[in-house]
1. Can you tell me which residue among L367, L374 is surrounded by 24 or more Cβ atoms within 10 Å (Cβ to Cβ), in contact with a Lys or Arg (Cβ under 7 Å, 6 or more places away or on another chain) and closer than 11 Å to S113 by Cα?
2. Could you go through the range 334-343 and let me know if any residue there is surrounded by fewer than 20 Cβ atoms within 10 Å (Cβ to Cβ) and in contact with an Asp or Glu (Cβ under 9 Å, 6 or more places away or on another chain).
3. Restricting to the range 260-316, name every residue that is small (G, A, S) and under 30 Å from I347 (Cβ atoms).
4. Could you check the range 262-277 and list, in sequence order, the residues that are within 14 Å of K45 (Cα to Cα) and either surrounded by 22 or more Cβ atoms within 10 Å (Cβ to Cβ) or of a type in the set (K, R) (or both)?
5. On the basis of being of a type outside the set (V, I, T) and either at pLDDT 85 or above or under 30 Å from F197 (Cα atoms) (or both), does A92 make the cut?
6. Quick one: is Y40 in a helix (DSSP H, G or I) and at pLDDT 90 or above?
7. Since G204 meets every condition but one in (1) surrounded by fewer than 17 Cβ atoms within 10 Å (Cβ to Cβ); (2) at pLDDT 80 or above; (3) over 23 Å from the mean Cα position of the chain (by Cα), which condition does it not meet?
8. Can you spot a residue in the range 44-56 that is open to solvent by less than 30 Å² (accessible area, probe 1.4 Å), at pLDDT 90 or above and within 27 Å of N307 (Cα to Cα)?
Amino acid sequence: MSDTESGSSTRDGDTKLKRVMGPGLLLLFIVGDVLGTGIYALTGKVAGEVGGVVWLPFLVAFVLATVTACSYLEVVTKYPRAAGAALYTHKAFGVHFLTFLVAFAVMSSGITSASTASRAFSENFTQTAGMGSGAFGVTVVSLAFMALIAAVNVRGVGESVKMNVVFTCIELTGLVIIILIGAWALAGGQGDFGRAFDFSSGEGDKGLFWPVIAATTLAFFAMVGFEDSVNMAEESKNPSRIFPKVLLSGLLITGVIYLLVSVTAIALVDADELSEGATPLLKVVEAGAPWFPLGVFGVITMCAVANSALINMLMASRLLYGMAEEKVLPNVLGRVLPNRQTPWVAILFTTALAAGLITFVGAVPDLGGTTALLLLAVFAVVNVAVLVLRSDKVDHDHFTAPLGLPYLGAASCAFFVGPWTGRDPVQYLIAGILLGIGVVLWGATVFYMRSKGQTPGGDDMSELAQ
């Protein structure tokens, strides 16, 4: 930490984007981005892996996310630009293809996350509406929901941000309701609080360590939203100063909420029942407050997962558009509507990929696990980039991650990427197909530009690293 506050202000003001997000709005964005599909849809699947200690994988995921968040804070306050992980990778390594892979992996994680949310929305909708849980009906509702998200996205970012604020308040309300129902029920003698400390997992003679590791690969999906916030750096007021407190506060708030909700869930519903079906928190409401209208909570759940889908499809389409603008992907993906000024081709392309995942993969754990897989790989690269960039000095104050945390972050993220965690092999297949599509697009762009005597990435990539 060095240099002057005036230097910080000068550097932070160097942006084409309007700085509209103060600490309060930024905190709301982070909390809304982290809360959502993970806790609403995957609590039961986590319980199926570890039994009563369903809160433990969420705690491990929280610690893992916080360690990597410290690394992100060092680079986002050092380089308060909107390009996120792609910027840090390019500044550290200067390899165009690696930068592309990181950027496309982040985009793909947004698509798999939105597909997870879409599937969870559909399963809650069919359950609440009494339509049954047939695979065909769930898929149709999922696709219709994704088409609606695309329509909102095409209409404009203003409408998307307004919906995000409303949905964030609704999803936070839903989790508070779960916590209050749990407190009321347990105080009245319902449930069994001791189940939350039953360390005998449902995995037989495997012990506790590996089931917790396997469950953490799912639970981490609930914590990955903080990565999106670094892309808001250019639209935040004085990011070098406010980002550390706001991001760490947001993670702490969501971490505490997740722990309270998971303990409440297992205290009121045993692990076997909680792990069945796709609506675990509806079961908690039914067990702890049978008088509470399930339809109302079903709507709250649908708003929560809709928020996740909206944020992630917004991010994915804009990132794809940006890569086209930088001449990394075909320029057709950079086309915008003349009146709405929204990247309609990028929106259609990302929506088509999401529709394919919903139709041919479908399962929430597979899609959520793929999201975590892609982002854990990106996080490992970012942690290494932080160490490489420590020799790069800037002329303003910035956050510095405590000594050793980037090493721990890189090692832990790399560990959770590996197959030894018990991760379903289909997640590697999904991630590989998505990245393969990106590589084909990148190769076509490189071939076309070289045939025209142009350099792939042009001057934009050079400017990105400055």
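The values are calculated or read from the model by the stated rules, or taken from the named source; none is laboratory data. These figures come from a predicted structure and were not determined experimentally. Note that each Cβ is placed from the backbone with ideal geometry, even for glycine, and that neighbours are counted across all protein chains shown. Just so you know, the surface numbers come from the protein's heavy atoms only, side chains and all, with ligands and any DNA or RNA stripped out. Shrake-Rupley method; radii C 1.70, N 1.55, O 1.52, S 1.80 Å.
1. On the way: L374 fails: in contact with a Lys or Arg (Cβ under 7 Å, 6 or more places away or on another chain).
That would be L367, the only listed residue that is surrounded by 24 or more Cβ atoms within 10 Å (Cβ to Cβ), in contact with a Lys or Arg (Cβ under 7 Å, 6 or more places away or on another chain) and closer than 11 Å to S113 by Cα.
2. Checked the range 334-343: at least one residue is surrounded by fewer than 20 Cβ atoms within 10 Å (Cβ to Cβ) and in contact with an Asp or Glu (Cβ under 9 Å, 6 or more places away or on another chain).
3. Our first condition is that a residue be small (G, A, S); within the range 260-316, this holds for 262, 265, 267, 271, 275, 277-278, 287-289, 295, 298, 304, 306, 308-309, 316.
A278, G298, A304, A306, S308, A309, A316, listed by residue number.
4. Kept after step one, since they are within 14 Å of K45 (Cα to Cα), are these residues of the range 262-277: 262, 265-266, 269-277.
Across the range 262-277, the qualifying residues are S262, A265, I266, V269, A271, L274.
5. Values: of a type outside the set (V, I, T): yes; either at pLDDT 85 or above or under 30 Å from F197 (Cα atoms) (or both): yes.
Against the criterion (of a type outside the set (V, I, T) and either at pLDDT 85 or above or under 30 Å from F197 (Cα atoms) (or both)), A92 qualifies.
6. Working: in a helix (DSSP H, G or I): yes; at pLDDT 90 or above: no.
For Y40, the condition - in a helix (DSSP H, G or I) and at pLDDT 90 or above - is not met.
7. (2)
8. Checked against the condition, which is being open to solvent by less than 30 Å² (accessible area, probe 1.4 Å), at pLDDT 90 or above and within 27 Å of N307 (Cα to Cα), the range 44-56 yields at least one hit.
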